[in-house]
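Report on the structure given below.
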Amino acid sequence: MNVWLMKTIKKWPTRFLSSSYIAIDEPGVDEDYGTLTDLQRQHLFDQLKANNSKRRYGHIKRFFDQFYDETGDGDVLVLGFGQTTKFYVIAIVRLKGKPYFHSSTGSEDLRHRVDFDLIWHGEPFEVQEWGGANRLEKMDTPDRLKQFISIYTDMQVYM
C-alpha cells in the first residue's frame with residue numbers, strides 16, 4: 001500500500017466526491033494511456049512538447065506514468081486543492097482497482113480515472129508542509145509518511 005497526495009484545482013474535488021472517482025487529464029492524451037508501451041508514451045509526449053514547448057511535459061508524463069503504473073488497489077490518496085504554495089485537504093480515499101480511460105468528447109470531462117471508497121471528507125484544512133506538492137505525488141519519505149500519520153491520527157478524534 002502506498003499513500004499519495006493529489007493536488008487539483010478547487011472545483012475538481014467536489015466533482016470527484018460526487019462521482020466516486022479521481023482523475024487526471026491533459027489535452028492531447030486522448031487514448032488509454034495504460035495500454036501504451038513506453039516508446040508510445042514517450043512519442044506521445046514528444047509530439048505534445050513539439051506543439052507547445054512552454055508546457056512542462058516531462059512532469060506531466062511523470063504524473064501519468066505514476067497514475068497508471070504505480071497507483072494500486074488499496075492505496076490511500078489524500079485529495080486536496082490549492083495554488084502553488086498551498087495544500088488544503090478535503091478528503092482521504094482508498095483507491096479501488098486500476099486506472100482506466102473514460103472516452104469522452106466533453107472538454108470538462110476528466111478521462112483518466114480510478115475509482116475509490118471514501119475514508120474521510122470534511123471542511124478543507126491547510127497542511128503547510130504539503131504546500132509545494134505536485135499534481136500527484138507519492139508520500140514515500142519517512143518525513144512525509146510521519147506527517148500523514150500525524151494528521152490522520154488527529155482526524156480520528158473527530159471521525
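Tell me, which residue of region 91-114 that is of a type in the set (D, E, K, R) and not in a strand (DSSP E or B) is nearest to the chain's Cα centre (by Cα)?
The selected residue is R111.
Any residue in region 142-155 that's charged (D, E, K, R): show its pairings with residues that are surrounded by 15 or more Cβ atoms within 10 Å (Cβ to Cβ) and not in a helix (DSSP H, G or I) at Cβ separation under 9 Å, as long as the two are six or more apart or on different chains.
These pairs meet every condition: R144/V3; R144/L5; R144/E137; R144/K138.
Of the numbered conditions (1) open to solvent by 50 Å² or more (accessible area, probe 1.4 Å); (2) free of Cβ contacts under 8 Å to residues at least 24 places away in the same chain, F125 satisfies every one except a single condition; which is it?
In the conditions (1) open to solvent by 50 Å² or more (accessible area, probe 1.4 Å); (2) free of Cβ contacts under 8 Å to residues at least 24 places away in the same chain, F125 misses (2) alone.
Tell me, yes or no, whether region 27-36 has at least one residue that is in contact with a helix residue (DSSP H, G or I) (Cβ under 6 Å, 6 or more places away or on another chain), without any contact (Cβ under 8 Å) to a residue 24 or more places away in the chain and not polar (S, T, N, Q).
Within region 27-36, one or more residues are in contact with a helix residue (DSSP H, G or I) (Cβ under 6 Å, 6 or more places away or on another chain), without any contact (Cβ under 8 Å) to a residue 24 or more places away in the chain and not polar (S, T, N, Q).
Taking helices (runs of 4 or more DSSP H) that fall entirely within region 1-65, which contain at least 3 residues that are modelled with pLDDT under 95 and closer than 20 Å to G106 by Cβ?
The qualifying helices (runs of 4 or more DSSP H) are 12-19.
I'm told E129 meets every condition in (1) more than 30 Å from H43 (Cβ to Cβ); (2) touching a strand residue (DSSP E or B) at 6+ places or on another chain (Cβ under 8 Å); (3) of a type in the set (D, E) except one. Can you identify the failing condition by its number?
Only one criterion in (1) more than 30 Å from H43 (Cβ to Cβ); (2) touching a strand residue (DSSP E or B) at 6+ places or on another chain (Cβ under 8 Å); (3) of a type in the set (D, E) is unmet by E129, namely (2).
Among the residues of region 134-141, is any free of Cβ contacts under 8 Å to residues at least 12 places away in the same chain, open to solvent by 50 Å² or more (accessible area, probe 1.4 Å) and over 19 Å from the mean Cα position of the chain (by Cα)?
Taking every residue of region 134-141 in turn, none turns out to be free of Cβ contacts under 8 Å to residues at least 12 places away in the same chain, open to solvent by 50 Å² or more (accessible area, probe 1.4 Å) and over 19 Å from the mean Cα position of the chain (by Cα).
Of the numbered conditions (1) without any contact (Cβ under 8 Å) to a residue 60 or more places away in the chain; (2) open to solvent by less than 60 Å² (accessible area, probe 1.4 Å); (3) touching a Lys or Arg at 6+ places or on another chain (Cβ under 8 Å), S103 satisfies every one except a single condition; which is it?
(2)
So is D117 within 30 Å of V29 (Cα to Cα) and out of contact with any strand residue (DSSP E or B) (no Cβ under 7 Å at 6 or more places or on another chain) or not?
Taking the combined requirement at face value, the residue does not satisfy it.
How about region 77-90: which of its residues are touching a residue at least 40 places away in the same chain (Cβ under 8 Å), part of a strand (DSSP E or B) and open to solvent by 10 Å² or more (accessible area, probe 1.4 Å)?
Within region 77-90, F81, I90 qualify.
Mind telling me which of the residues K49, K54 ends up being surrounded by 12 or more Cβ atoms within 10 Å (Cβ to Cβ) and free of Cβ contacts under 8 Å to residues at least 12 places away in the same chain?
After ruling out the rest, the residue left standing is K49.
The values are calculated or read from the model by the stated rules, or taken from the named source; none is laboratory data. Keep in mind it's a predicted model, so treat the numbers as computed, not measured. Here Cβ is always computed from backbone atoms with ideal geometry, including for glycine, and neighbour counts include all displayed protein chains. Accessible surface areas use protein heavy atoms only, side chains included; no ligands, DNA or RNA. Shrake-Rupley method; radii C 1.70, N 1.55, O 1.52, S 1.80 Å.
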